[in-house]
Every structure is written in C-alpha cells, then in structure tokens.
Amino acid sequence: MQSAIQQANRKIAIRMMVIACMMFSFGYVMVPFYDAFCQVMGIDRANSDFANTSAAVIRVEFDTNVDDGLAATLEALDPVLAAKPGGLLKARFRLVNKSDQPLKVRAVPSYAPARSAGLLQKLECFCFDALTLAPNEQRDVTVVLLVANELPAELGAATLSYTLHPELKS
C-alpha cells in the first residue's frame, strides 16, 4: 500500500515537472512567434527612435483666463503636453460665447518662465488675429508650437497662458 501511494505521488510529481517545463518553453518560444505575428499583421513594433531616454523633454502647461465682465469662456482641451527638442506640439482650446450678442475677442499669450518664449515658437495660433464669435457659438481652435532643438537641462516645464480680452474698437 505504501509503495502504491509513493508510486502515485512520483507520477504526479513527474507530471507537474513536465507541465512546468512545457510552460517555460511555451513562454520562451512565444517571442519569435509574436514577432512573426506582428510582421504578418502589420502591427508597428516599438520604434527605437522613441527609445532615446537621454533626450530632454519639456513639459508645456496651458493656462487660460478671461477678462472680467467678458461673457465668454476659454478652456484648454489639452492642459499639459510633453515635447522633445525640435518637435511639434499641437494644443487644442475651446472658445465659447455665452452671450446673445456677437463677440469680438483677442487672446493675448504670456510665457512663464519668460525665457521659455524663445524655446517655443508659435507656427499657428488663434491669438494671431481677433476672433468674432456668433451668439452662443462654441469654437475649437489650435496652437501649433515648434520646440527649440536645444533645451536647457534645468528647464523642466513651461507655462503658456492665454488671456481672452474684448477686441478694442478702433
């Protein structure tokens, strides 16, 4: 009886070891199968260009304000973005006219710290011209920034703030 139990335990132990070896082998063999599967399916593998962890990254924060008494809102749809040197950055904003009258507004940008203004060049901006919003209109606008090729190591973040003012009549 004792030997029958020992023999059964030995069989179970051998089966468990075989199963453990098969599981290890399966995990080891999956790497080339996964590579082949991704290639056949056209799935893009990790691009080594993005793996450069030594490249500096700048965190750009977008802040919005509206002049007192102006019946409008300005909201950053992308309040925080990260960009690499020499890269493009596209941020989206939403303007809303809360009045029943047409509203002509202008957004005035400011940078903090001030030296970040030289590192972020506006290629496209809703602040370039005055905007006229129809009554109760909601409009999405964009800002496209070109990040300088060389970023100071100590500059981890920059804030680009837009204040919405009524357009002065000339």
Any residue at all in segment 1-16 that is out of contact with any Gly (no Cβ under 6 Å at 6 or more places or on another chain), in a helix (DSSP H, G or I) and modelled with pLDDT under 80?
-> yes
Could you please find all residues in segment 11-35 being under 34 Å from the mean Cα position of the chain (by Cα) and among the aliphatic types (A, V, I, L, M)?
-> Met30, Val31
Does segment 126-140 contain any residue that is within 23 Å of the chain's Cα centre (by Cα) and of a type in the set (Lys, Arg)?
-> yes
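Kindly establish whether Ala117 is assigned by TED's automatic domain parsing to the domain that holds Ala157, at pLDDT 90 or above and either surrounded by 13 or more Cβ atoms within 10 Å (Cβ to Cβ) or of a type in the set (Lys, Arg) (or both).
Details: assigned by TED's automatic domain parsing to the domain that holds Ala157: yes; at pLDDT 90 or above: no; either surrounded by 13 or more Cβ atoms within 10 Å (Cβ to Cβ) or of a type in the set (Lys, Arg) (or both): yes.
No; evaluated as a whole, the condition is false for this residue.
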Which pairs have Cβ atoms under 6 Å, sit 6 or more apart or on different chains, and link a residue in segment 29-57 that is in a helix (DSSP H, G or I) to one that is exposed (fewer than 10 other Cβ atoms within 10 Å of the Cβ) and at pLDDT below 80?
-> Cys38/Arg45
If you take the residues in segment 130-170 that are among the acidic types (Asp, Glu) and at pLDDT 90 or above, which one is nearest to Phe62 (Cα to Cα)?
-> Asp140
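Output the number of residues of segment 135-170 satisfying the condition of being assigned to a strand (DSSP E or B) and on the phi > 0 side of the Ramachandran plot. Even if it seems obvious, please write down each step before you answer.
Start the filter on segment 135-170 by keeping residues that are assigned to a strand (DSSP E or B), which leaves 138-147, 157-166.
Add one more test, that the residue is on the phi > 0 side of the Ramachandran plot, and what stays is none.
Qualifying residue count, segment 135-170: 0.
With the requirement that a residue be hydrophobic (A, V, I, L, M, F, W, C), within 20 Å of the chain's Cα centre (by Cα) and loosely packed, with under 15 Cβ neighbours inside 10 Å, what does segment 156-170 give you? Can you show your working first?
Quick first cut of segment 156-170, residues hydrophobic (A, V, I, L, M, F, W, C) only: 157-158, 160, 164, 168.
Right, trim to within 20 Å of the chain's Cα centre (by Cα) and you get 157-158, 160.
Matches in segment 156-170: Ala157 only.
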Tell me, yes or no, whether segment 97-110 has at least one residue that is surrounded by 14 or more Cβ atoms within 10 Å (Cβ to Cβ), within 30 Å of Val57 (Cβ to Cβ) and modelled with pLDDT under 90.
-> no
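The values are calculated or read from the model by the stated rules, or taken from the named source; none is laboratory data. All of these numbers come straight from a predicted model, not from anything done at the bench. Glycine also receives a Cβ, built like all others from the backbone with ideal geometry; neighbour counts cover every protein chain displayed.
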